[in-house]
Amino acid sequence: MTMKSNNDEFKLNEVRVRLVPGIPLTSQTSMSTPEAAVEVIGNFLSDMDREVFLVVNVDAKLRPINFNIVSIGAIEQTIVSPREVLKSGILSNACGIMVFHNHPSSELLPSKEDTIMTDRLSRVCNDIGIRFVDHIIVGPNKGEYFSFASKRILPVIKDDYARDYHELSLKVAEKGRTR
């Protein structure tokens, strides 16, 4: 927050952001592979009576670092923002993310909104250099899930960034010209 002091100077306060550990998820299954993560997270989410969206942040070898509950919604929906999904991953220095949410209704197929969110998250992850590993939907029965990656329907993002300064379509103000 910028505050005006008595001598008309402005002060900009430094803030510090920290990850604070919460209650851990425990399991007899080591989350050393994405499949094992599905088992552990799926068991956790299958007990929920409302839609819950969470992210598992992973290292370069796809080993889980931590998880973050991003949103808890209603019986048929939850609100998810890419900003909130990626916050813990950036702070954890994650190389990738796997996102999970549950469908208490038992319908495992992704909704239109699920598909749009998957595409959006995939694009944002690509832009900031975090691998989007999978989006998994779990049902109320343990072991039931839908994986975008295993169905091979994850969006494939093609980088279309300029590779050369001359490819940029920027308009640069000329010296001496103003609007």
### Task
Determine if region 111-127 includes at least one residue that is more than 12 Å from the chain's Cα centre (by Cα), part of a loop (DSSP other than H, G, I, E, B) and surrounded by fewer than 20 Cβ atoms within 10 Å (Cβ to Cβ).
yes
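Suppose we keep only residues that are part of a loop (DSSP other than H, G, I, E, B) and within 18 Å of Ile97 (Cα to Cα) within region 25-38. Which one would you say is modelled with the highest pLDDT? Step through it out loud before you land on a result.
Narrowing region 25-38 to residues part of a loop (DSSP other than H, G, I, E, B): 25-33.
Checking the rest, the ones that are also within 18 Å of Ile97 (Cα to Cα) come to 25, 30-33.
Working: Leu25: 72, Ser30: 65, Met31: 65, Ser32: 66, Thr33: 62.
Applying the filter and picking the extreme gives Leu25.
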### Task
Among the residues of region 78-102, write down those that are within 19 Å of Gly42 (Cα to Cα), of a type in the set (A, V, I, L, M, F, W, C) and either in a loop (DSSP other than H, G, I, E, B) or out of contact with any helix residue (DSSP H, G or I) (no Cβ under 8 Å at 6 or more places or on another chain) (or both).
Val80
### Query
Which residue, of Ser105, Ser150, is at pLDDT below 95, part of a loop (DSSP other than H, G, I, E, B) and surrounded by 14 or more Cβ atoms within 10 Å (Cβ to Cβ)?
Ser150
### Summary
Within region 53-63, restricting to residues that are under 13 Å from Phe100 (Cα atoms) and out of contact with any Gly (no Cβ under 8 Å at 6 or more places or on another chain), the one that is surrounded by the fewest Cβ atoms within 10 Å (Cβ to Cβ) is Leu54
### Query
Is one or more of the residues making up region 46-62 touching a strand residue (DSSP E or B) at 6+ places or on another chain (Cβ under 6 Å), at pLDDT below 95 and in a helix (DSSP H, G or I)?
yes
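The values are calculated or read from the model by the stated rules, or taken from the named source; none is laboratory data. Just so it is clear, the model here is predicted, and its values are computed rather than measured. Note that each Cβ is placed from the backbone with ideal geometry, even for glycine, and that neighbours are counted across all protein chains shown.
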